[in-house]
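The block underneath contains the structure these notes are about, expressed in structure tokens.
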Amino acid sequence: MTAFRIGIDLGGTKIEAAALDQGGAMRLRRRIPTPAGDYAGTIAAIAGLVDGLEREIGARASVGIGIPGTIVAATGLVKNANSTWLIGQPLGRDVEAALGRPVRFANDANCFALSEAIDGAGAGQGTVFGVILGTGVGGGIVVGGRIIVGANAIAGEWGHNPLPAPQPDEWPGPSCYCGRSGCIETFLSGPGLAADHQRHRGAALDGRAIAAGAAAGDAVCRATLDRYAERLARALAGAINILDPDAIVLGGGLSSLSHLYDEVPRYWVRHIISDTVVTRLLPPVHGDSSGVRGAAWLWRPEEAG
Ligand SMILES: [Zn+2]
């Protein structure tokens, strides 16, 4: 009998759920709006999704959930979630009670990294650093097919380190919501890219428009993308010098900037303390599906039966 695994990606605007079969193929997928601001409603929505999927597959499944933030092991309470109505809530206990089974939780960036490491761009690589370049900058680390959570549950969260080797016009850098200035996120998030372009040209464009402008021959847009690639190289070199991953997989909206995959490795060599660099920088394979896929993979096939 096939053991199904349900993965849920609990986002700020939508909740996605999918059922993976034993081999990791996605059999069913559902998406509903998040009951934003409504904690009890969020629990009920998760339970409803699991119930609906299990009715269709005709079997009880394991359940893994990716959340924006983390559940603190010592207290069982959610922290660091941008879905603020979850903060301080015993989400794990409440979902387990609603579903009547143990449920595994992980940060959504960790789920992305796990999905890409298991059977995505990083498949077969020993150490994978999954990097989210989107509204924010986050990341997750997977070694040997397992998420590294870390003592403080922040492993891979490089977005609020300072941008390394800042140039005079990058110092002290834009102020960040975290209370610091010049965080990697303030330069490399989608809003960070747009703000950088605006500082240099005075025009408000998003990443997609800047990429389109560069492709059409606009030199100022091209220069913005070059600055972005060079800064990403500096920032990733700092991570490579510590983690030395086999592969770095980019995710989030800015992972679609195709110039990064050639240019960043050209820039990063000068900042990496090795005369040869074999770390690969790769686009994601699963794209938007990585959240649900990685959540489902919090249970191994042999555990789900
Ligand atoms: Zn910050």
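The values are calculated or read from the model by the stated rules, or taken from the named source; none is laboratory data. None of these values were measured; they are calculated from a predicted model. With ideal geometry, Cβ positions are generated from the backbone for all residues, glycine too; neighbour counts draw on all protein chains shown. The accessibility values were calculated without ligands, DNA or RNA, using every heavy atom of the protein model including side chains. Shrake-Rupley method; radii C 1.70, N 1.55, O 1.52, S 1.80 Å.
Can you give me the number of residues within region 114-127 that are out of contact with any helix residue (DSSP H, G or I) (no Cβ under 7 Å at 6 or more places or on another chain), part of a helix (DSSP H, G or I) and hydrophobic (A, V, I, L, M, F, W, C)?
The total comes to 2.
Go through (1) open to solvent by 60 Å² or more (accessible area, probe 1.4 Å); (2) farther than 12 Å from G11 by Cβ one by one and return the number of the condition N82 breaks.
It is condition (2) that N82 fails.
Rundown of residues vs (1) of a type in the set (K, R); (2) open to solvent by less than 30 Å² (accessible area, probe 1.4 Å); (3) closer than 22 Å to G190 by Cβ, yes/no style:
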residue: A223; (1), (2), (3): no, no, yes
residue: S256; (1), (2), (3): no, no, yes
residue: Y261; (1), (2), (3): no, no, yes
residue: R266; (1), (2), (3): yes, no, no
residue: D275; (1), (2), (3): no, no, no
residue: P284; (1), (2), (3): no, no, yes
residue: S289; (1), (2), (3): no, yes, yes
residue: W297; (1), (2), (3): no, yes, no
residue: E303; (1), (2), (3): no, no, no
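Of the residues E230, E157, only one is acidic (D, E), out of contact with any Cys (no Cβ under 9 Å at 6 or more places or on another chain) and away from the ligand (no atom under 15 Å from the Cβ); which? I'd like the intermediate steps shown before the answer.
Values: E157 fails: away from the ligand (no atom under 15 Å from the Cβ).
Result of the check over E230, E157: E230.
Tally time: how many residues in region 160-173 are away from the ligand (no atom under 16 Å from the Cβ) and assigned to a loop (DSSP other than H, G, I, E, B)?
Residues flagged as away from the ligand (no atom under 16 Å from the Cβ) and assigned to a loop (DSSP other than H, G, I, E, B) within region 160-173 amount to 2.
Between I15, I65, which is crowded, with 20+ Cβ neighbours inside 10 Å, within 16 Å of C111 (Cα to Cα) and either without any contact (Cβ under 8 Å) to a residue 60 or more places away in the chain or basic (K, R) (or both)? So that I can check it myself, show each step before the final result.
Details: I65 fails: either without any contact (Cβ under 8 Å) to a residue 60 or more places away in the chain or basic (K, R) (or both).
Going through I15, I65 in turn, the sole match is I15.
What residue, among those in region 128-150 that are in contact (Cβ under 8 Å) with a residue 40 or more places away in the chain and part of a loop (DSSP other than H, G, I, E, B), is most open to solvent (accessible area, probe 1.4 Å)?
T135
Would you tally the residues in region 174-212 being more than 16 Å from the ligand (Cβ to nearest atom) and surrounded by 20 or more Cβ atoms within 10 Å (Cβ to Cβ)?
Result for region 174-212: 4.
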